[in-house]
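The values are calculated or read from the model by the stated rules, or taken from the named source; none is laboratory data. Quick caveat: nothing in here was measured; it's all calculated off a predicted structure. Glycine also receives a Cβ, built like all others from the backbone with ideal geometry; neighbour counts cover every protein chain displayed. Just so you know, the surface numbers come from the protein's heavy atoms only, side chains and all, with ligands and any DNA or RNA stripped out. Shrake-Rupley method; radii C 1.70, N 1.55, O 1.52, S 1.80 Å.
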Amino acid sequence: MAEARRHVYALTLDEWEAWVRQQGQPRYRARQIWEGLYRHLWPRPEAFSTLPKGLRTALAEQFVFQRLTPTHEQVSRDGETHKTLFRLPDGPVVETVRMRYVRRRTLCISTQSGCAMGCVFCATGQLGLLRNLQVGEIVEQVVYYARWLRQQGERVTNIVVMGMGEPFHNYEATMRALAILNHPQGFGLGARRITVSTVGLVPRIRQFAREGKQYNLAVSLHAADDALRARLIPVARRWPLQEIMDAVREYIAATHRRVTFEWALIHEVNDTPEQASKLASLLRGLLAHVNLIPLNPTPGYAGRASTRERARAFCAVLRAAGVPCTVRLRRGIDIQAGCGQLAGQALAPRPRFLVGQTWPAQGEEA
Ligand code: SAH
Ligand code: SF4
């Protein structure tokens, strides 16, 4: 039978206020629940010591605290990166990655199980879309890791919405989840510490620009002309580069935030000097940064990662044109780029239990 109880992480503070009113309780009780969930990170209704017993019982009867069950875990060799595969109550899986980088504790979260966009080089795209995540399922990924970090006296400092799925294809749920995480009286993660990555759904980029928030935007470009882009990213046929760039300019005008452009470098496909100069022309003068990630090989795509020399040459063309650029060194799997990998393995005919397995750490080149 389907779970009739609501997910505690799905409600906004306003909705908690409505709920406590229904329970005949004063409004400040909503704030206490909110703080219990997002400041204290209490995992069970019984832990809500600030609430009267009746309200705790109502919480237990009407709400579920956990919808994500961790089933697989990978830890990088240096222990700095953790990747967790969660199973949802109805079967699909999602993954979350935690990365430690100097003082940052960054979470890479998912917004869908699988993805409908079908980018040919992407493990998540190769799965197809299983389903959208609900608001609470997006929030719970963060709460899960926030609890884990707290045990080490640490906290989440940044969130990147770059896990499985296309966040702008599940726009409302993603924005509601981010609003919950950004709320100053609760989890309180600053908007500038949150980055949303999109494959380039133009109307949603425009809507994102109008949210009135300082969330960062990352756009996955991977090609600097429409013909090549369409070969890599089927949805590019619908949204030409010029329209994407217009929408990006709207975002920059509204937020004054620098936009990151992501580029998976594929050997002799999109790592040519010609693509580099086209990209430089596209971005010249824009408040932009290019993040180059050598392709992470996936079973469903024959492309190879660019060599370090070609990556550096590509970056040099951009820098010469005044476009800031970073190459991520790929030592084995780059974790952000590797999103979708773990799910792919777990869904393989003979799933393997991955706890304790390791992969090499990622590095970054200045
Ligand atoms: N759907 C969103 C966010 C999730 S994908 C998007 O596409 O932007 C996060 C990033 O990983 C994107 O830039 C995506 O293009 C990149 N990526 C996916 N598969 C990859 C691979 N095999 N190698 C390198 N980068 C990859
Ligand atoms: Fe979806 Fe992003 Fe993968 Fe493309 S790269 S299939 S949009 S998750």
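Scan the range 213-244 for residues that are of a type outside the set (Lys, Arg) and under 17 Å from Leu295 (Cα atoms) and jot them down. Even if it seems obvious, please write down each step before you answer.
First, pick out the residues of the range 213-244 that are of a type outside the set (Lys, Arg): 214-228, 230, 232-236, 239-244.
Within the range 213-244, Val219, Ser220, Leu221, His222, Ala223, Ala224, Leu228, Leu232, Ile233 meet the criteria.
Selection over the range 158-175 of residues that are polar (S, T, N, Q) and either in a loop (DSSP other than H, G, I, E, B) or surrounded by fewer than 20 Cβ atoms within 10 Å (Cβ to Cβ) (or both) gives a count of 1. Among the numbered conditions (1) crowded, with 20+ Cβ neighbours inside 10 Å; (2) part of a loop (DSSP other than H, G, I, E, B), the only one that Leu178 does not meet is (2). Can we say Gly190 is at pLDDT below 95 and either open to solvent by less than 50 Å² (accessible area, probe 1.4 Å) or of a type in the set (Ser, Thr, Tyr) (or both)? No: the conditions fail for Gly190.
Within the range 104-122, the set of residues being assigned to a strand (DSSP E or B), within 13 Å of ligand 1 (Cβ to nearest atom) and under 14 Å from Glu140 (Cα atoms) comprises Cys108, Gln112.
Conditions tested, residue by residue: (1) among the polar types (S, T, N, Q); (2) farther than 17 Å from Ile194 by Cβ.
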| position | (1), (2) |
| --- | --- |
| Arg100 | no, yes |
| Arg105 | no, no |
| Ser110 | yes, no |
| Phe121 | no, yes |
| Arg131 | no, yes |
| Gln134 | yes, yes |
| Gln152 | yes, yes |
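A residue that is open to solvent by less than 30 Å² (accessible area, probe 1.4 Å), away from ligand 2 (no atom under 16 Å from the Cβ), on the phi < 0 side of the Ramachandran plot and at pLDDT 50 or above occurs nowhere in the range 333-346.
Quick grid of which residues meet (1) more than 16 Å from ligand 2 (Cβ to nearest atom); (2) part of a helix (DSSP H, G or I); (3) β-branched (Val, Ile, Thr); (4) surrounded by fewer than 15 Cβ atoms within 10 Å (Cβ to Cβ):
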| position | (1), (2), (3), (4) |
| --- | --- |
| Ala218 | no, no, no, no |
| Ile244 | no, yes, yes, no |
| Ala276 | yes, yes, no, no |
| Ile293 | no, no, yes, no |
| Gly300 | no, no, no, yes |
| Gly303 | no, no, no, no |
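I need a count of the residues in the range 102-122 that are open to solvent by 10 Å² or more (accessible area, probe 1.4 Å) and in contact (Cβ under 8 Å) with a residue 24 or more places away in the chain.
Selection size over the range 102-122: 12.
Just wondering, is there one or more residues in the range 229-247 that are touching an Asp or Glu at 6+ places or on another chain (Cβ under 6 Å), under 27 Å from Thr157 (Cβ atoms) and assigned by TED's automatic domain parsing to the domain that holds Ala173?
Taking the range 229-247 as the starting set, the residues that turn out to be touching an Asp or Glu at 6+ places or on another chain (Cβ under 6 Å) are 240-241.
Now narrow it down to the ones that are under 27 Å from Thr157 (Cβ atoms): none.
For the range 229-247, residues touching an Asp or Glu at 6+ places or on another chain (Cβ under 6 Å), under 27 Å from Thr157 (Cβ atoms) and assigned by TED's automatic domain parsing to the domain that holds Ala173: absent.
Considering only the range 91-146, how many residues are closer than 17 Å to Thr174 by Cβ, away from ligand 2 (no atom under 16 Å from the Cβ) and not polar (S, T, N, Q)? Within the range 91-146, residues that are closer than 17 Å to Thr174 by Cβ, away from ligand 2 (no atom under 16 Å from the Cβ) and not polar (S, T, N, Q) number 8.
For the range 98-154, name all the residues that are more than 13 Å from the chain's Cα centre (by Cα) and of a type in the set (Val, Ile, Thr). If the condition is that a residue be more than 13 Å from the chain's Cα centre (by Cα) and of a type in the set (Val, Ile, Thr), then Val102, Val120, Val135, Val143 are the ones that fit. In the set (1) open to solvent by 10 Å² or more (accessible area, probe 1.4 Å); (2) assigned by TED's automatic domain parsing to the domain that holds Ala264; (3) outside any helix (DSSP H, G or I), Gly125 fails one condition alone, (3).
On the given criteria, is Arg155 open to solvent by 20 Å² or more (accessible area, probe 1.4 Å), in a helix (DSSP H, G or I) and touching a residue at least 24 places away in the same chain (Cβ under 8 Å)?
No, not satisfied.
When restricted to residues that are closer than 23 Å to Arg258 by Cβ and either of a type in the set (Lys, Arg) or open to solvent by 50 Å² or more (accessible area, probe 1.4 Å) (or both), the range 220-242 contains 2.
Residues that are assigned to a strand (DSSP E or B) and either out of contact with any Ser or Thr (no Cβ under 9 Å at 6 or more places or on another chain) or without any contact (Cβ under 8 Å) to a residue 40 or more places away in the chain (or both) within the range 87-100 comprise Arg87, Arg100, listed in sequence order. In the range 187-201, the count of residues that are in the same structural domain as Ile109 (by TED's automatic domain parsing) and more than 18 Å from the chain's Cα centre (by Cα) is zero.
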